[in-house]
There are 2 protein chains.
Amino acid sequence: MATGTNSLELVVLGLLKEQDMHGYELKKRMTESLGLIMHASWGSLYPALARLEAKGAVKAVEARPAIPNIPMTGSLGGERAVFRLSGEGPRGSRNKKVYGITDIGSALFTAMLNNDSEIDEKGFAIRLAFANHMDSEKRLKMLRDRRDLILERVKSSRRNLEKKRFTLEPYVELVLEHFRLNNSSDLAWIEELIAKEESSMQTPETDLMVSQEVQDNL
Amino acid sequence: MATGTNSLELVVLGLLKEQDMHGYELKKRMTESLGLIMHASWGSLYPALARLEAKGAVKAVEARPAIPNIPMTGSLGGERAVFRLSGEGPRGSRNKKVYGITDIGSALFTAMLNNDSEIDEKGFAIRLAFANHMDSEKRLKMLRDRRDLILERVKSSRRNLEKKRFTLEPYVELVLEHFRLNNSSDLAWIEELIAKEESSMQTPETDLMVSQEVQDNL
DNA sequence: CGCCGATATATCAGCCCGATATAACAGTTT
DNA sequence: AAACTGTTATATCGGGCTGATATATCGGCG
């Protein structure tokens with residue numbers, strides 16, 4: 001069960017690797033920096049945090065108020081604090097639950113990042129976004145797998161449409177054409193990344209590898 | 001509840017508008033013609049059909065064996081048929097449940113297609129794929145809404161990154177750059193579609209509308 | 001002081017995905 | 001004819017995601 005890597009958990013761990021944060025901050029940070037790529041809803045983020053906590057991958061750490069937070073209104077603050085902290089982990093003044101990544105979490109992050117079974121568009125983009133935490137061998141494999149998958153998808157679509165035993169609605173052709181272009185663009189981009197990766201991986205016995213590539217292309 | 005339009009139900013209705021089909025055929029047809037755009041799993045398709053049936057949007061019609069299916073092995077076929085048809089709608093020889101669209105379903109299809117609350121990438125692509133069933137006014141509105149949404153998204157992302165109070169992981173920038181390019185490409189495509197739509201909508205009093213457009217752009 | 005918007009956490013129904021189970025049938029092999 | 005392999009066909013389940021909603025605190029502003 002749960003064969004594939006959970007993208008959201010991967011992102012949470014990746015962000016917590018940089019610094020401790022609470023849920024709200026995580027979402028803000030996510031949409032600010034990765035907003036074009038992915039988007040988390042409350043209904044997915046908090047359960048994800050709960051899951052990670054249950055696994056021991058993250059844990060609630062002490063409150064970290066951005067500004068010292070000087071209410072100092074006598075005993076009132078204390079009362080609230082007691083009420084709020086009833087039987088839970090440490091929280092901040094505003095009932096914040098600040099999470100930190102554990103060693104287990106770091107290990108899980110690496111494992112998820114290197115898990116090949118991920119295939120969909122979003123999962124690929126997210127893994128690539130954190131690809132500096134992979135070694136270049138894995139990175140290359142991921143890129144090639146993605147390239148092969150897109151190629152296969154496009155070929156399969158073309159095959160199906162050539163032996164078209166049905167009439168396509170006029171606008172369908174329009175949309176398909178655009179998606180095909182997008183795929184080509186993605187493909188070119190990935191090929192470029194592969195090339196860069198290969199050239200930056202040059203080792204002493206480069207000649208053998210190059211000749212291998214040439215042979216493959218004949 | 002269920003404010004947004006269910007893309008899968010929309011597609012099912014759209015395909016059933018062309019001809020009666022059973023579930024397996026629907027999925028095959030979907031991946032064959034729309035495979036680049038969307039993808040349905042068994043765990044979503046059959047419940048969707050059940051929902052549509054419950055709403056009265058589709059109903060099981062008589063079996064429609066592609067080839068007359070001549071078992072004719074005496075009473076055996078009859079026995080199986082009796083066993084299989086226990087208390088259900090009409091089915092074909094191989095326990096097929098062939099669905100047809102009803103008047104309610106046709107109305108629902110139109111309503112879903114013209115429902116503006118849809119916003120995500122996939123939903124847009126699918127509605128556009130069936131856009132020949134919309135009148136050109138609605139089509140135009142959908143295209144413009146989509147354009148505005150992408151524009152807003154890109155601007156928002158740029159705004160967030162300019163006041164970057166955080167350090168981006170190196171590969172994140174790479175991915176973001178590509179997504180920005182994709183957005184530009186999508187935008188150009190949509191603008192093109194809008195232009196085409198506008199020019200093919202020319203009516204007697206065109207001059208007024210054109211001058212309106214010009215005014216807007218000043 | 002009260003109001004409002006931003007901060008902060010949580011839950012729920014409904015839906016989707018991936019996996020799995022079950023079985024009839026078709027074609028080929030043995 | 002039995003045994004196999006692959007395709008056709010329907011269905012269900014756990015776990016995860018979305019969009020909506022509820023609740024409450026806090027900072028600032030008039």
Please report, for residue B:100, the nm distances (one decimal) from its label point, 7 Å out from Cα along the beta-carbon direction, to the equivalent points in the remaining copies, shortest first. 6.8
Sorted from shortest, what are the nm distances separating the label point of residue A:199 from equivalent points in the other copies, each placed 7 Å from Cα along Cα to C-beta? 4.0
Just counting partner chain Cβ atoms within 10 Å, what average do the residues of peptide A:175-183 show around their Cβ? 5
Roughly how crowded by other chains is peptide A:158-166, in terms of the mean Cβ count from those chains within 10 Å of each of its Cβ atoms? 3
Cβ-placed point charges (K, R +1; D, E -1), dipole of the stretch A:135-204 about Cα centre in debye, nearest 20: 360
Compute the label-point distances linking residue B:180 to its equivalents in the other copies; points lie 7 Å from Cα along Cα→Cβ; give nm, one decimal, shortest first. 3.0
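Every number here is computed from the coordinates shown, using simple stated rules; none is lab data. This structure is a prediction, so every number in the text was calculated from the model and none was measured. Methodologically, a virtual Cβ is constructed for each residue, glycine included, from the backbone with ideal geometry; neighbour enumeration extends over all protein chains shown.
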